[in-house]
Amino acid sequence: MKTKTSKKATVFAAASALVGSAIVPVAAAPAETPEKFSDVPTSSSHYETILEARALGIMTGYGDSTFKPDQKLNRGNVAKAFGKYVVAKSGLTLEEYVEANNISEVENFTDVPDDWVDEELVTYSKIVKEAGIFKGANNKLNASKLMPRDQIAEVLVRAFGFEDQEGDPGISDTDQSGYAKSIETIYENGISNANPYRPFESTSRGQFASFLVRAYKVAEGLDPQSPYPFPVESVHSLDDITITVGETPELPETVGVTLESGVTTTKAVEWNTNDLATDEIETYTITGDVVDTDLMASVQVVVKKPTYTEPVSVDANNNVIVFESEELSDSALDLSNYTFNGGPMPSGTTIELLKNGGMTITLEAPEKILKDTEYTIEFSKNVKTKSGDIFANNAKEANNGAEEPINFTVNGKFHDNVPPTLVSGQYVVYSSDTETTDAMLLTFSEKLAPLYYNRNGLTHENDYDLIVSLIILEGYNSLHKQDDLVLTVDGTEVNITSLGVEENGQVYIEFPKMDINHTSTITVVPEGKDNEALVLTDDSVNKNPVVAPATITVTKDDIFIVEPLEPAEINE
């Protein structure tokens, strides 16, 4: 990154010079600011840079504990800010700088004469003019005019000496701005992250804080997007870590800290585990040195006897498993803690912990599933609740010592998602010499679901609702089943008198007797005006309707011979 930088002490002095009327209107002098500004929520995109601007002395708040981040800045405010920056950067006092650079001889902006009421603005307007930061329009400063964002980019480049980088950053809305190159430059150097940049909008105090703090960081060779390296003020507390006897705790590599600026970040921590005995049931306080500070972090490690639990409920619906239990530890998010049919979990599987406990496991299912396919997910003993309990199929027996724990398993089923297609049809005859038929066997790509259901074993006392549902479904099927198919013989539609699905999933239709020398077509009618709903489905969980429309042709060469029953068999 090509930038002109200055020594750290000088930059600090320069930054301190930006306090006061340069940033805050003269009528409202800043006061001591509390830890947080009441009008700057943590959700604000300028939250951290506003805190850092205050800590660096670049900007302050108001006496009512506000920062007024949306208040707009005028050119006079910004001219004073950069004038003070230039003076501080020189290492001279204001009087020394004015004398050394003959500021009194610099031509005034025509709208800021020497007798102007704001004497401070008179001096600093000459300084920024002499430094080349402000040039004015027709030699006018236009001090009361709000300063648009493209002009802010220009003065930042002039004041800090940022240089253009190779390549085109592709800012989308700078074509009409006379400061397009400066906008690109501050974007390339990390001072701005806005694209589009909105060059003609006025600049708010919050935006200016972000611009100045990032410029300040870049001038010191720091990452403009990372927190300024203020000393650490406090270390955040950590949740207890619970393990079972013999396990090794996973201590965090970093710990949350709050810097003196009020910004929160993380720091590496080096733990001392010399006093931790994982083979003894006890609660241990482990401490560690927070890197680059003289502060300590601490966490409690609870070593306990293994205890086992079972979920409240598990609902495995196709590729989504909803697992209800007490709150789970992050161990539940680690896919390596599970097996799928004895192997690794499918690529693309995701796990989401639920707010009130439990989790949702979403498996990456195959794109096409030709039949319902069972699967088993097995939990290892590493999957635990926040309290450290391990899931087992026999939790009660394992807890009382009656049995060894058995890894918890979830059984599910991928649902067939491929609809059956009509493959062929055959005239049903009783011998190869038969010339007539009144039935046809239809073959689909997979077994179809029955139209009527076996209710053996169901009782009105225990299964009343199910029996009623089956009766309603069967009634609907009986009423609409023949709407699914249209039979034509030599181009003329023929009435289908009966349609049935056998236990083996084969479909038979019956019609008035006819000569097999005729050519027939069978058409599956799609849902719509002529068919309220397809009754013919596969026998999967999804009950996928058959593909429609679809048509097959049946000729005398397509026959299915059925051996007639003997009289004795009929009598039986």
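No other residue among 362, 349, 373 is open to solvent by less than 50 Å² (accessible area, probe 1.4 Å), hydroxyl-bearing (Ser, Thr, Tyr) and under 30 Å from residue 421 (Cβ atoms) apart from 362. Go through the range 168-188 residue by residue and tally those that are in contact with an Asp or Glu (Cβ under 8 Å, 6 or more places away or on another chain) and either part of a loop (DSSP other than H, G, I, E, B) or of a type in the set (Ser, Thr, Tyr) (or both). Residues meeting the conditions: 9. Answer with yes or no whether residue 121 is of a type in the set (A, V, I, L, M) and either open to solvent by 20 Å² or more (accessible area, probe 1.4 Å) or without any contact (Cβ under 8 Å) to a residue 40 or more places away in the chain (or both). So residue 121 fails the test.
Note on the range 451-470: residues that are open to solvent by less than 90 Å² (accessible area, probe 1.4 Å), farther than 12 Å from residue 506 by Cα and either at pLDDT 75 or above or not aromatic (Phe, Trp, Tyr) (or both) total 10.
Restricting attention to the range 36-53, and to residues there that are without any contact (Cβ under 8 Å) to a residue 40 or more places away in the chain and open to solvent by less than 40 Å² (accessible area, probe 1.4 Å), which single residue is nearest to residue 212 (Cα to Cα)?
Per the criteria, the residue is 47.
Among the residues of the range 307-324, those identified as part of a loop (DSSP other than H, G, I, E, B) and touching a helix residue (DSSP H, G or I) at 6+ places or on another chain (Cβ under 8 Å) are 307, 310. Per the conditions (1) under 14 Å from residue 298 (Cα atoms); (2) part of a loop (DSSP other than H, G, I, E, B), the sole criterion not satisfied by residue 270 is (2).
Just to be sure I understand, how many residues within the range 427-450 are more than 28 Å from residue 542 (Cβ to Cβ) and open to solvent by less than 50 Å² (accessible area, probe 1.4 Å)?
Total satisfying the criteria: 7.
Being assigned by the TED database to the domain that holds residue 140, of a type in the set (Ser, Thr, Tyr) and at pLDDT 90 or above: is that true of residue 62 here? No, not satisfied. Is it the case that the range 499-507 has a residue that's at pLDDT below 85, open to solvent by 20 Å² or more (accessible area, probe 1.4 Å) and of a type outside the set (Asp, Glu)? Checked against the condition, which is being at pLDDT below 85, open to solvent by 20 Å² or more (accessible area, probe 1.4 Å) and of a type outside the set (Asp, Glu), the range 499-507 yields at least one hit. Against the test of being open to solvent by 30 Å² or more (accessible area, probe 1.4 Å), in contact with a Ser or Thr (Cβ under 6 Å, 6 or more places away or on another chain), of a type in the set (Asp, Glu) and under 22 Å from residue 244 (Cβ atoms), the options 404, 378, 324, 397 yield a single qualifying residue, 378.
Residues that are over 31 Å from the mean Cα position of the chain (by Cα) and either among the aliphatic types (A, V, I, L, M) or modelled with pLDDT of 95 or more (or both) within the range 235-272 comprise 245, 270, 271, 272, listed in sequence order. Return yes or no: is residue 491 farther than 21 Å from residue 559 by Cα and open to solvent by 20 Å² or more (accessible area, probe 1.4 Å)? Here the answer is no, as residue 491 does not meet what is asked.
Let's see how each residue does on (1) buried (at least 16 other Cβ atoms within 10 Å of the Cβ); (2) among the polar types (S, T, N, Q); (3) modelled with pLDDT of 90 or more; (4) not assigned by the TED database to the domain that holds residue 158:
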{"site": "5", "(1), (2), (3), (4)": "no, yes, no, yes"}
{"site": "24", "(1), (2), (3), (4)": "yes, no, no, yes"}
{"site": "31", "(1), (2), (3), (4)": "no, no, no, yes"}
{"site": "34", "(1), (2), (3), (4)": "no, no, no, yes"}
{"site": "55", "(1), (2), (3), (4)": "yes, no, no, no"}
{"site": "70", "(1), (2), (3), (4)": "no, no, yes, no"}
{"site": "74", "(1), (2), (3), (4)": "yes, yes, yes, no"}
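Might you check whether a residue that is under 14 Å from residue 74 (Cβ atoms), surrounded by fewer than 19 Cβ atoms within 10 Å (Cβ to Cβ) and in contact (Cβ under 8 Å) with a residue 60 or more places away in the chain occurs anywhere in the range 101-113? So far as the range 101-113 goes, no, none of its residues is under 14 Å from residue 74 (Cβ atoms), surrounded by fewer than 19 Cβ atoms within 10 Å (Cβ to Cβ) and in contact (Cβ under 8 Å) with a residue 60 or more places away in the chain.
The values are calculated or read from the model by the stated rules, or taken from the named source; none is laboratory data. Every value quoted in this text rests on a predicted model; they were computed, and no experiment measured them. So basically every Cβ, Gly included, is an ideal-geometry build from the backbone, and we count neighbours across all protein chains shown. Side chains are part of the model used for accessible areas, which takes the heavy atoms of the whole protein and leaves out ligands, DNA and RNA. Shrake-Rupley method; radii C 1.70, N 1.55, O 1.52, S 1.80 Å.
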